[in-house]
Structures are given as C-alpha cells and as structure tokens.
Amino acid sequence: MDFMKSAIADLYKLRIGGASDTCMLTALVAAGLSTTPTLSAMVPVVVPAVLSGVAFAYFASRVLSGTASQHLLESSIDLTSDHSPIGEDQKTGGFIIGFSTDTGEPIYIDDAHFVRHFFIIGMTGVGKTVLGLLLMFQQIMRGGGLMFVDGKLDSTNIEQIWYYCQMAGRPHHFRVINPGDPANSHTYNPVLFGDPDEVSDRILSIIPSTENNPGADHYKQEAKQGVATLVSALQRADLRYNMIDLSVLLMNANALLELELRLAKHASTSEELKNYSIFLDKFRTLDPKTGNLTIDMNKLKNTFGGIGGRLYMFGTGKFGSVMNTYDPDINLYDAIRENLIIYVALPTMGKNESANNFGKLVVGDARTAISWIQALPPDERPNPAFLIFMDEQGSYATQALARPYEQSRSANVALAGAVQTFANLTSVSDEFAEMVLGNTWTKVYFKVLAPETATQAAEMIGMEMSIIKSLSDNQTATQSASFLRATPDSSNATGEGLSFGEREQEVYRVSPDDLRALSIGEAVVTYGGKHIFNVRVPRIEVTEEARRRFGPVMITRKRPNHAERRKGAQFFENAERYLHASRP
C-alpha cells in the first residue's frame with residue numbers, strides 16, 4: 001500500500017520533457033495510430049504492441065525509479081540525493097562521509113576539497129562526533145596526522161582514537177593533552193614557541209573581546225604590547241619559560257627587575273633590553289622605605305588587568321602538572337610535520353571557563369604552527385593533509401580562528417568544526433560566522449530543533465523552483481423568478497466545475513521542518529553549495545575482543561632533555577626569594 005502511494009506521488013510529480021520523453025511519446029502515439037482501420041492493414045500487428053510496450057515500460061521506469069531508489073536506508077525526509085560529484089577514479093584518494101539513503105552508495109569527498117574544510121551543525125547527541133570519528137578513522141588508516149579537540153570530554157573518544165591507532169599499527173604516533181588527568185597526559189607548553197607577537201596574541205585570546213568598548217580595548221592593546229615585551233626579553237635572554245613564570249613576572253616587582261639584570265648580562269647592547277627597560281620605566285617608582293627604585297605593581301596590574309591571575313590558574317594544579325615544562329612532549333609544529341595523532345581533552349564540565357580558555361590557547365598555537373607550515377616548500381607540507389577536528393568549537397573559538405579557515409588550505413591543513421547552533425559562531429562575531437561559513441566547502445546538517453537555527457540552515461542549503469499544482473472544485477446554485485405576471489414563473493439552476501492549475505514557486509530544497517525531522521545519525525550534506533545528499537553516517541565500532549587485545553590507553557613520553565631544563569627561567573621555583581626581597 002505504501003509502495004502504491006509512493007508511486008502515485010511520483011507520477012504526480014513526474015515532469016515530461018527532453019529528447020527521450022519526446023521519442024517515447026511519439027512511439028506511443030504511433031502505436032495508437034497504427035491500430036486505426038486505415039493503417040492497420042499496412043502495419044504488422046506486432047509493431048503497435050512493441051511500440052506501446054516500450055513506451056509504457058519507459059514511463060513506468062520513470063515513475064518507479066524514484067520509489068525504487070528511495071529509502072534503501074532509513075530516511076526521515078523526502079529528499080532525492082544528487083549523484084556523487086566524485087568519479088570512480090577519484091574515490092580511492094578521498095573520504096567517505098556517509099551513505100546515500102537513496103541508493104546506499106558511499107558519498108566521497110576528494111582530497112582537493114577535503115582541505116577546503118568542513119562545517120558540521122546539529123544538536124547534541126545526533127551524530128556530529130560520530131562523523132568526526134569516521135573522518136579520523138580514515139585519516140589514521142591512510143597514515144595522516146590529526147588533532148582532535150574534544151570540547152565535551154567524552155571518555156570513550158580517547159579510547160576510540162587509541163584503538164584506531166592500534167588497528168593502523170601507529171600507537172607510537174599517539175599523543176594526549178589532558179589537563180584533567182595529568183598522569184595520563186603528555187606535557188605541553190602552549191606559550192613557549194613562536195615570536196613575541198604570536199605568543200602575546202595567544203595569551204590575549206583568553207581575555208574577553210573588547211571590540212565594542214574603546215576604553216577596555218585600549219588597555220587590552222597595552223597589555224598585549226607589555227606581554228610581547230616580556231616574551232621578547234625572555235627569548236633574547238635565552239630563557240625558556242612557561243605559564244607560571246609569566247604569571248610571577250606580572251605579579252612581582254623583584255622578578256621583573258631580575259629579568260632586566262639577567263637580560264643585561266646576556267645581551268647588554270640588545271634592542272630587547274632597551275625596549276624592556278623603557279617598558280619598566282613606565283612603572284618605576286621610588287620606594288619610600290628603602291629609597292631604591294622599584295616597580296609600582298598597582299599601576300602594572302591596572303595595565304595587565306587579570307592576565308596574571310589567568311596565567312596563574314594554568315600554572316598551578318592539574319593544569320600546571322601538564323603545562324609547567326621547559327621541554328614539552330608536544331610541539332604542534334613538529335606534530336603536524338610528523339603526522340602525529342593528538343587528542344586534546346577540554347574538561348568543560350568541571351572547569352568550564354578554564355577549559356574554554358585552554359582550548360583558545362591550543363587553537364592559537366595551532367594557528368601559529370599552520371602559518372609556519374604555510375611558509376615551507378610544498379613538498380615539505382603534510383601529505384596527506386593534516387586534519388584538525390574541533391568538536392563543540394563554539395566554546396573556545398576566537399576571532400583569530402577565522403584566518404586559518406581562509407588560509408590553511410595552502411598549508412595542506414583541513415579544518416572541521418562542529419557546533420550546535422549558529423549562535424555558537426555569532427557569539428564570537430557576525431564577521432567570524434560569515435568567514436567560517438564562507439570558507440567551508442562541505443557542510444553537514446544534522447538534526448536541529450532550535451527554530452532560528454533550522455531556518456538559517458534551510459536558507460543556507462538553498463532554494464529551488466518547484467511546480468505547485470492546485471486542484472479546485474466549485475459548485476453554484478441559482479434561483480430566479482419573474483414578477484411581471486400574475487403567476488410568476490420561476491427557474492432554478494445549478495452548476496459545478498473542476499479546475500486544475502500549475503505555477504512555479506521558489507521553495508526550500510530542504511525545509512526547516514525537514515531538518516527538525518532528521519533522525520539520529522542522519523544528515524543533509526551540501527558539497528560546494530551545489531550538490532546535496534541525504535546520508536546515513538556509519539558508526540565505527542570496536543569489538544570487545546579487539547578492546548581486550550589493544551588494552552588500555554598508554555602514554556609514551558620522550559626522554560627529558562636536561563639541557564633544556566637548565567635553560568628554564570624558573571621564576572616560580574625562585575618565588576620565595578622574590579617574596580623575601582620584597583619584605584621590609
């Protein structure tokens with residue numbers, strides 16, 4: 001019964017036109033004419049039978065082709081997928097992102113468009129991470145590198161990535177950055193590498209945006225200049241540093257003065273020493289107790305705001321156990337070049353603000369690494385392309401992240417960001433949302449319930465011209481009488497009509513209601529804004545037997561470099577000395 005309803009619906013929507021349809025209609029008319037008395041004597045009986053049979057078979061296949069191919073896989077919407085834009089000869093170099101609900105055939109994204117980035121949207125629990133794991137599984141199996149920023153810290157995700165590495169024979173490429181569990185994390189220092197401007201941009205990313213507040217923006221720019229000056233002095237003095245060292249410098253006058261002395265000893269005529277001394281001069285004051293010059297810390301703190309406190313948060317506790325290092329296990333630039341597989345855990349549930357700020361630092365560090373990769377000769381860039389999958393991207397996105405979406409393709413780095421609503425993008429800025437959406441070739445829409453998000457997604461998928469058919473039935477009844485006679489004559493009349501009409505109207509290719517109706521694991525995919533697919537995203541499962549064979553996640557750390565340790569600034573370790581020096 002459902003099959004017949006579907007066939008009738010397809011017949012109602014059938015459009016006739018083109019050379020093939022014209023030929024078949026001509027054959028059908030010829031078959032009818034050949035049965036007339038005039039022509040029947042001249043035409044063999046078999047001819048009209050063959051012509052009519054071929055024509056009926058053709059139009060039956062046209063009607064039933066949609067019904068036959070629809071819902072080979074379960075689908076919640078009435079959408080006919082386009083044919084895959086990727087030819088058979090290109091499929092071996094691409095990624096499967098799902099299987100068409102129409103035919104069950106895999107939908108591929110080729111490597112050339114893989115690095116034009118992904119945008120993934122959908123409410124929680126509908127398949128965004130499953131798609132990410134599918135992409136990462138294929139990336140690991142083909143020897144590529146990746147970084148997975150897990151914005152919701154699902155403990156099963158790290159296990160999945162570990163199992164994939166085991167399957168591919170690549171456990172030695174596996175790295176973990178997990179401030180929530182230092183015992184099972186590699187060490188990582190997100191402020192150690194990069195020039196002073198790059199590092200200061202990274203650090204200032206953890207400060208809320210001040211674009212709409214000119215006064216606050218002024219102080220933020222001053223703070224950025226100050227941080228860049230500090231970093232420049234540390235680097236010129238050949239001192240390795242970490243979060244807690246920077247925090248001590250921003251909160252202790254004696255530490256600042258000691259850095260000046262150490263820099264003067266190491267590079268007495270350097271430009272960095274001159275800039276650092278000029279920077280300190282803005283805060284120097286005469287200590288009334290000792291008569292010596294010191295630093296007005298209240299004025300300094302007014303300039304830097306809460307940066308010192310935020311850095312202190314990352315330099316202590318579990319965060320500090322991972323990040324207080326002068327010789328980190330993970331350098332993102334080297335990791336990209338070596339095709340390593342990095343899992344970054346953001347403990348958002350227990351430490352939401354800290355986790356989100358840490359995510360901003362990681363993404364900022366990745367941006368610096370991408371810029372360095374971009375400057376390399378083409379044959380030294382990652383091959384296959386390096387993948388950065390950012391789950392729950394809206395929690396830690398900053399305006400600076402827009403630039404990698406625009407330029408990382410030339411570094412052969414692919415970005416895939418997943419969010420729950422468009423508000424996760426516009427909360428950064430409208431410009432950021434426009435830059436991300438405008439620079440993602442492949443967009444994947446999972447189930448969304450928020451009305452505004454569903455409507456915006458439907459508008460992004462686009463509109464198409466459709467034939468709107470109408471059928472109307474009308475009935476009329478009239479009664480009239482003539483009163484000019486003594487006995488008036490009267491008459492009654494009734495009428496009935498049936499009218500059929502067609503008109504073209506622009507409609508959604510996929511309506512907001514369709515997007516709300518999608519089931520778990522089902523998505524609408526647009527490719528280059530032109531091709532559209534209704535797909536099912538498969539879940540990569542690991543059997544219990546394989547889990548037992550692979551065992552628990554193992555962290556393999558590199559040997560410590562004691563020479564790098566000796567180069568450390570060690571301001572925090574010497575903090576007691578600075579505190580004593582400040583006492584009367």
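The values are calculated or read from the model by the stated rules, or taken from the named source; none is laboratory data. Keep in mind it's a predicted model, so treat the numbers as computed, not measured. Virtual Cβ from ideal backbone geometry, glycine too; neighbours counted across all protein chains shown. Note: areas computed on protein heavy atoms with side chains; ligands, DNA, RNA excluded. Shrake-Rupley method; radii C 1.70, N 1.55, O 1.52, S 1.80 Å.
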*Would you grab the residues whose amide H sits under 5 Å from the one on Thr442? Only those 5+ places off in sequence or on another chain, please, with H modelled 1.01 Å from N.*
Phe119, Gly528
*Where only alpha carbons of the stretch 289-364 are counted, the Rg and the Dmax (Å)*: 17.3, 58
*asked:* Just to confirm, what accessible area per residue do you get for the stretch 365-457 at 1.4 Å probe, in whole Å²?
replied: 37 Å²
*lysines near Lys567 by alpha-carbon distance under 23 Å, same-chain residues fewer than 8 away left out - which ones?*
Lys265, Lys274, Lys558
*Please list 431-438, 310-317 highest first by mean number of surrounding beta-carbon atoms within 10 Å per residue.*
310-317, 431-438
*What net charge is computed for the residues neighbouring Ser354, neighbours being all others with C-beta under 14 Å from the C-beta of Ser354, Lys and Arg scored +1, Asp and Glu -1?*
+3
_Compute, for the stretch 304-367, the length of the dipole vector about the Cα centre, with Cβ point charges of +1 (Lys, Arg) and -1 (Asp, Glu) only. Units Debye, rounded to 20._
280 debye
_I need the peptides 418-426, 257-265, 387-395, 278-286 ranked by packing, meaning the mean over residues of other C-beta atoms within 10 angstrom, with the highest value on top._
387-395, 418-426, 257-265, 278-286
*Using θ = phi - 60° and the Karplus form 6.51 cos²θ - 1.76 cosθ + 1.60, what ³J(HN,Hα) does each residue of the stretch 251-263 get, whole Hz, x for Gly and Pro?*
10, 9, 5, 5, 5, 4, 5, 5, 4, 4, 5, 5, 5
*Would you work out the charge dipole size for the stretch 103-259 about its Cα centre, treating the Cβ of every Lys and Arg as +1 and the Cβ of every Asp and Glu as -1, and quote it to the nearest 20 debye?*
280 debye
*Quick one: Kirkwood hydrodynamic radius for the stretch 242-325, alpha-carbon pairs, angstrom, one decimal?*
14.0 Å
*Evaluate the Kirkwood expression for the hydrodynamic radius of the stretch 312-466, namely the inverse of the mean inverse distance over all pairs of different C-alpha atoms, and round to one decimal in Å.*
17.3 Å
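Report the far tail of the P(r) of the stretch 339-379, meaning the percent of Cα-Cα pairs longer than 17 Å. Display every interim value, and only then the final one.
On the way: 375 of 820 pairs.
So the portion of pairs separated by more than 17 Å is 46 percent.
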*Environment charge at Gly308 (Cβ cut-off 13 Å; Lys +1, Arg +1, Asp -1, Glu -1)*: +1
_Reach of Lys360 by Cα under 22 Å, taken over lysines that are not fewer than 8 positions away in the same chain_ = Lys128, Lys152, Lys220, Lys224, Lys318, Lys351
*Would you pull out the residues with amide H under 5 Å of Leu387's amide H, same chain only if 5 or more places away, H placed 1.01 Å from N?*
Gly145, Leu146, Met147, Ala414
*Accessible area (Å², 1.4 Å probe, nearest 10) - Val553*: 40 Å²
*Using a simple spin-label model with points 7 Å from Cα along the Cα→Cβ vector, what separation in nm is obtained for Gln505 and Thr543?*
5.4 nm
_Rg and Dmax of the stretch 164-287, Cα atoms only, in Å_ = 18.5, 66
